[in-house]
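To start, the structure itself, in structure tokens.
The values are calculated or read from the model by the stated rules, or taken from the named source; none is laboratory data. Because the structure is predicted, anything quoted here is derived from the model rather than measured. Note that each Cβ is placed from the backbone with ideal geometry, even for glycine, and that neighbours are counted across all protein chains shown.
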Amino acid sequence: MNAEEKLRICLLKLLNVSALKLFGALVYKFDIAVIPSSNDGGPGTAFVALDVKTKLPIMRFYKSFLDTLSIEELLYVVIHEILHILDNHCSRGLKAQYPELFNIAADHVINDMLDTDARGSLSNKIRSPDDRVILNHFKGKNVSTEEVYGFLIDNAEFETQTISLDGNGQSSDGDGDGDGTEGKPSNAPGGIKPGNENGELTVKTIKVTMPDGQVIEHTVDVKLNKDITEEDAKKVSQQMQAEARSVMSSSTFKGDTSLKIAAHIEEIIKVEIPWDTILENAIKSTVVISADNKSWRGTNKRMRAHDITLPGNDTEETADDLYIVIDSSGSVSDSDLAKFADIIKQSMIHFKTLHIIKHDTEVYGGVIEMTREETFDLTHEAFKIDRRGGTCHIDPFDLLEEEYVEYDSMGLIILLTDFYSNIVEIWNNYTFTHNIPMKILLPEHGSNFDIPEYIDKQPIVIKEPKY
């Protein structure tokens, strides 16, 4: 089996193994190539980088490295390389004083998680390569890349080697293997084709002696280029994160919640929502704090007519009911809808029951109730957001008014919308808009609207993850 055939089988497995399908979707974002190895014994395993012209992610494998791996080990390596981009290591590495050490730290953190899954849920699907980077001093300690990087700075020795490449990815003095079979264009998944790098490739090898005596020798597998800016790299990672968020928010996605790497990805793609601000500004400012541990749950409607909001009795620290109104109109992007789904999942940390109202010009599905346990079920009706027509908030506001009149448990309403709607025109037609705390959460493209203070003094723009 030659190198390309092995890589092709690997990519097909990513598509067909249910636990790995997320990576099967993400690997198509990469330009993938096999680089024929030189005869000079120079370092060469696999690496990811951003193409200087297209600013898109590339993934390269040296033939000699592929020859040493089993399919299961190659799956491990491919997932490892995807995670470098997903975790924004290109941009973070560009900011680091010693990018090579940052790369070692990133490698350890990724491999430590993959090793756990290789011994557990993925034991029959991926296998840890023997020569992977693992720092025994940090093994199993659940540390961040930055924590490991800081520890490594004072313990590293550097060696630099320059390899000259021609247009076929071979060394310019003609010492490539030149068998004429590797690196030919292929219609295989992932677009495997020959490496087309020109000029010189500078590879830095790092040697680190750890306090426990372990010696780490490593070839950097995140290639940084002076023509690629931090912003370029961050944008690519954000696009990858958006794709992962869309896949993982899909009702057809069957994720394995036992995977350590899956939990890490969930954290990477989690949309940044300032819940403290939401609760402080939208709830606590309207609630009279009482010494007998009363809360804003079940507020007294009789006093609302006098513009006084009083809490009811409650010994629970979490709130009961949150209403989320989701604008799924055509002006809201698929990426933003995936963020909306992530907000639904995050909400359950703060509330016991969610009431989801989905709409474009009309409400579809009625008021969908979700309990905390159901937020883990991505096939739940609340996550199926498929109507993409115009925008009108009359129908959902009518439904909220009915809920307000009928139930005592309405605590907070969040409107997920880009504000291309008639909210301002209809606001004063309803009672609940004056008596129930509300918060507007806007995708970035809707953040330029001048939202009246009587609707929301501090609307919140949904931010991308910090990495």
Residue count, segment 401-423 (criterion: under 17 Å from G366 (Cα atoms) and under 32 Å from the mean Cα position of the chain (by Cα)): 5
Quick check on D256: is it among the acidic types (D, E), modelled with pLDDT under 75 and under 25 Å from H108 (Cβ atoms)? yes
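Which residue is modelled with the highest pLDDT, if the candidates are limited to segment 70-98 and must be in a loop (DSSP other than H, G, I, E, B) and farther than 16 Å from V27 by Cβ?
My answer is S70.
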Mind checking which pairs have a first residue in segment 1-24 that is within 15 Å of T68 (Cα to Cα) and a second that is at pLDDT 85 or above and charged (D, E, K, R), Cβ under 7 Å, 6 or more apart or different chains? A3/K63; A3/D67
Return the residue satisfying two criteria in turn: it lies in segment 352-367 and is crowded, with 20+ Cβ neighbours inside 10 Å and within 26 Å of A242 (Cβ to Cβ), and of such residues it is modelled with the lowest pLDDT. L354
Odd one out for L135 among (1) more than 21 Å from V27 (Cα to Cα); (2) in contact (Cβ under 8 Å) with a residue 60 or more places away in the chain; (3) in contact with a helix residue (DSSP H, G or I) (Cβ under 6 Å, 6 or more places away or on another chain); (4) surrounded by fewer than 22 Cβ atoms within 10 Å (Cβ to Cβ): (4)
Residue among A233, A242 that is at pLDDT 80 or above and over 20 Å from N103 (Cβ atoms): A242
If we scan segment 98-105, do we find a residue that is surrounded by fewer than 22 Cβ atoms within 10 Å (Cβ to Cβ), in the same structural domain as I32 (by TED's automatic domain parsing) and without any contact (Cβ under 8 Å) to a residue 60 or more places away in the chain? yes
Candidates S172, S128, S186, S164 - the one that is at pLDDT below 75, among the hydroxyl-bearing types (S, T, Y) and in contact with a helix residue (DSSP H, G or I) (Cβ under 8 Å, 6 or more places away or on another chain): S186
Consider N111 carefully, then state whether it is surrounded by fewer than 23 Cβ atoms within 10 Å (Cβ to Cβ), in the same structural domain as M240 (by TED's automatic domain parsing), free of Cβ contacts under 8 Å to residues at least 60 places away in the same chain and part of a helix (DSSP H, G or I). yes
Listed by first then second residue, the pairs whose first member lies in segment 401-420 and is among the acidic types (D, E), whose partner is modelled with pLDDT under 90 and not in a strand (DSSP E or B), with beta carbons under 6 Å and at least 6 positions apart or on separate chains, are D408/G298; D418/S331; D418/V332; D418/P443; D418/G446
Return yes when F61 is among the aromatic types (F, W, Y) and part of a strand (DSSP E or B) and no when it is not. yes
On the basis of being in the same structural domain as D276 (by TED's automatic domain parsing), more than 25 Å from the chain's Cα centre (by Cα) and within 17 Å of S331 (Cβ to Cβ), does G389 make the cut? yes
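Return the residues of segment 333-363 that are hydroxyl-bearing (S, T, Y) and under 21 Å from N422 (Cβ atoms); say none if nothing qualifies.
Selection gives S333, T361.
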Counting just the residues of segment 64-75 that are in contact with a helix residue (DSSP H, G or I) (Cβ under 8 Å, 6 or more places away or on another chain) and surrounded by fewer than 24 Cβ atoms within 10 Å (Cβ to Cβ), which one comes out nearest to D131 (Cα to Cα)? L69
